[in-house]
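The values are calculated or read from the model by the stated rules, or taken from the named source; none is laboratory data. The structure displayed is predicted, hence computed values, not measured ones. The protein model used for the area step is the full one, side chains on, heavy atoms only, and it has no ligands, DNA or RNA in it. Shrake-Rupley method; radii C 1.70, N 1.55, O 1.52, S 1.80 Å.
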Amino acid sequence: MNYLIVGGAGFMGSNFVRFLYRHLDPDSNIVILDKLTYAGRTENLKDLIDKPRVKLVKGDLCDEGLVDKVFSEEEPNYIVNFAAESHVDRSINEPAPFIRTNILCVFTLLEALRRHSFREYIHVSSDEVYGDLRDGGSADENWPLNPSSPYSASKASGDLLVKAYHRTYGIPVKIVRPCNNYGPYQHVEKLIPKTIVRALHSKPIPIYGDGSQIRDWLYVEDFCEALKTVIDRGATGEVYNIPGFNERRNIDVVRDILRLMNKPEELIRFVDDRPGHDYRYSMRGDKIRSLGWKPRTQWIDGLKKTIEWYISNRWWWEKLVSDKYFVQDTPWS
Ligand SMILES: NC(=O)c1ccc[n+]([C@@H]2O[C@H](COP(=O)([O-])OP(=O)(O)OC[C@H]3O[C@@H](n4cnc5c(N)ncnc54)[C@H](O)[C@@H]3O)[C@@H](O)[C@H]2O)c1
């Protein structure tokens, strides 16, 4: 089986490539297609890049000619698409790259899927497409899409295109909708790494609004297992939520990290809330559970492993932080 992992040099993609490599049949290969934006780094694949059955192609998913070439030369059976602009704050400042990557590049890929033979396309979506579940409840896979930010609207648009290509052209697809992931190789712009890195420097830790917003957290290794479960045992044409069953307020996430790192809560700074900020995301997970998957990693264990990874891998993130990183609390304040 040949796997094409688009966006495999980012946070979740590189973790999945590492997971897949550990479970790879001897006659299978992994090809990664990644534009290597600010979020995609060869450092994320350092231990994998020289392996004989792993290949990195640097390129843009919107490049139709390149995508055709990769399909013709590599003959992938499974295509998993992680490629995205993924940071909500950036989407508020500058939506255009989000529309391009999360919608137009998905369209380019779907058109390529019409031209080439393959076994299945797995599209990585997000819990954010369901929008704000402020009033309670948890979204199942049939819940209406109600995105709030340019990021989540672009992700929802990608999902709709994938569904349309399945229905209209019979393209074999599966969509997964993960909740917030955390773990090694996550960019320091995201909440958990940002808190760890700032705490290590004893610098202020910004929290939007009053920090009461609720997110569901899943250790990335558990996500990788869930995704492999969907590839192996999920039904074609279906959507699978991948929740962590672990809803927490942002302020409590930050407090847990500070406590584990023996740092004072006085580092916390409440800053202007993000415009349009969703209060709560929440998904039901009956469908993925029915395939036999559940998360293995307890919250505090996952946090400890993540903190230890950032402490032991300064080489990985030191290049990403500058003096500006520590003073710029929000992009709009
Ligand atoms: N991180 C999370 O908690 C989370 C939660 C739910 C859903 N998701 C979704 O999961 C996917 C992966 O998220 P992540 O956090 O790993 O993102 P990331 O930003 O760390 O990585 C994105 C990757 O896509 C690549 N990329 C961007 N534009 C590209 C293009 N035009 N062509 C080829 N490659 C391109 C980047 O170089 C990078 O390697 C995304 O689709 C995201 O929307 C993430």
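Pop out the ³J(HN,Hα) list for region 173-186 in order, Karplus 6.51 cos²θ - 1.76 cosθ + 1.60 with θ = phi - 60°, rounded to Hz; leave Gly and Pro as x.
Result, rounded to whole Hz: 10, 9, 10, 10, 10, x, 7, 4, 9, 8, x, x, 6, 8.
Computing the accessible area with a 1.4 Å probe over protein heavy atoms, can you report the carbon and sulfur percentage for the chain?
With neighbouring chains kept in place, the figure for the chain is 46 percent.
On C-alpha positions alone, give me the angle between the axis of helix 64-74 and the longest principal axis of the chain, in degrees, nearest 10.
Once rounded, one gets 70 degrees.
Mean residue ellipticity at 222 nm from the helices of the chain, using -39,500 (n - 2.57) per DSSP H segment of n ≥ 4 over the full residue count, to the nearest 500 deg cm²/dmol?
Estimated from H runs of four or more residues: -11000 deg cm²/dmol.
Does anyone have the angle between helix 250-260 and the longest principal axis of the chain? Alpha-carbon axes, 0 to 90°, nearest 10?
70 degrees
If you plug each phi of region 228-238 into the Karplus form 6.51 cos²θ - 1.76 cosθ + 1.60 with θ = phi - 60°, what whole-Hz ³J(HN,Hα) values come out, in order, with x for Gly and Pro?
5, 4, 5, 4, 7, 10, x, 9, 4, x, 9
Hey, how many Å between the Cα centroid of region 62-82 and the Cα centroid of region 204-264?
Centre-to-centre distance over Cα atoms comes out at 30 Å.
Enter the Cα centre distance for the pair region 121-158 and region 89-103, rounded to the nearest angstrom.
Answer, in whole Å: 16.
Which cross-chain or sequence-distant (5 or more) residues have an amide H under 5 Å from the amide H of ASN2, H modelled 1.01 Å from N in plane?
It is ASN29, ASN77, TYR78, by chain and number.
For a test of understanding, tell me how many lysine pairs in region 140-274 have Cα atoms under 20 Å apart, given they are 8 or more places apart or on different chains.
Taking region 140-274 as the scope, the lysine pair count is 10.
With springs only between Cα atoms under 10 Å, which of GLU75, GLU43, GLU266 fluctuates most in a Gaussian network model of the chain?
GLU266
Taking the chain as the reference, fit the longest principal axis to its C-alpha atoms, fit the long axis of helix 105-115 to the helix C-alpha atoms, and give the angle between the two in degrees, 0 to 90, nearest 10.
Its long axis makes an angle of about 20 degrees.
Tell me, what is the per residue accessible area of the chain in Å², probe radius 1.4 Å?
That works out to 42 Å² for each residue.
Of VAL173, VAL271, VAL106, which has the largest mean-square fluctuation in a 10 Å C-alpha GNM of the chain?
Checking each option, the largest mean-square fluctuation is seen for VAL271.
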